[in-house]
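Each remark here refers to the structure printed beneath this line.
The values are calculated or read from the model by the stated rules, or taken from the named source; none is laboratory data. For clarity, every value in this text was computed on a predicted model and none was experimentally measured. The accessibility values were calculated without ligands, DNA or RNA, using every heavy atom of the protein model including side chains. Shrake-Rupley method; radii C 1.70, N 1.55, O 1.52, S 1.80 Å.
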Amino acid sequence: MATTKDYRDFILEQLSLSDNITCKSMMGEYLLYYNGILFGGIYDDRLLIKIVDSNKKYNMQEAIPYKNAKPMYLVDDVDNQEVLRNIILDTCKDLKK
């Protein structure tokens, strides 16, 4: 099942508190970047974030984005823009190293 454009638009709206978020389409799903850093994606109408040390404190569940992929964290609370912003900033801080 591919991600719907409505869900993609909803997630991008939720991420609008953070400047420099870009979204690239990839085989029916969407990759998400912050300042050019790939931090996660939208897979099957789910927001998934790369697993790094600094985002473990959010106690998110692991999920598989697609067959044979590495696990990622599933962001359940997509309605809280401030928490989303903090998760992205913490994740990208580690990915930037």
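Classify segment 1-42: rounded, prolate or oblate, from the alpha-carbon gyration tensor (a ≥ b ≥ c, eigenvalue square roots; a/c under 1.5 rounded; otherwise prolate if a/b is larger than b/c)? Verdict is oblate for segment 1-42. By accessible area, using a 1.4 Å probe on protein heavy atoms only, the chain has 49% of its surface on carbon and sulfur.
Looking at the chain, the accessible area is 60 square angstrom per residue; that uses a 1.4 Å probe and ignores ligands, DNA and RNA. Decide, for the chain, between rounded, prolate and oblate: order the square roots of the alpha carbon gyration tensor eigenvalues as a ≥ b ≥ c, take rounded if a/c falls under 1.5, and otherwise choose prolate if a/b is larger than b/c, else oblate. Rounded, since a/c falls under 1.5. For a straight C-alpha distance cut-off of 15 angstrom, the aspartates and glutamates reachable from LYS70 (same-chain residues fewer than eight places away being disregarded) are GLU62. In deg cm²/dmol and to the nearest 500, what is the mean residue ellipticity at 222 nm of the chain if only DSSP H runs of at least 4 residues count, each as -39500 (n - 2.57), divided by the residue total? Calculated mean residue ellipticity at 222 nm is -8500 deg cm²/dmol.
When the C-alpha to C-alpha distance is required to be over 18 Å, the pairs from LYS56/LYS93; LYS5/LYS96; LYS24/LYS67; LYS50/LYS93; LYS24/LYS50; LYS5/LYS93 that qualify are LYS5/LYS96; LYS24/LYS67; LYS5/LYS93. Cα convex hull, segment 12-63: 98 Å³ per residue, rounded to a whole number.
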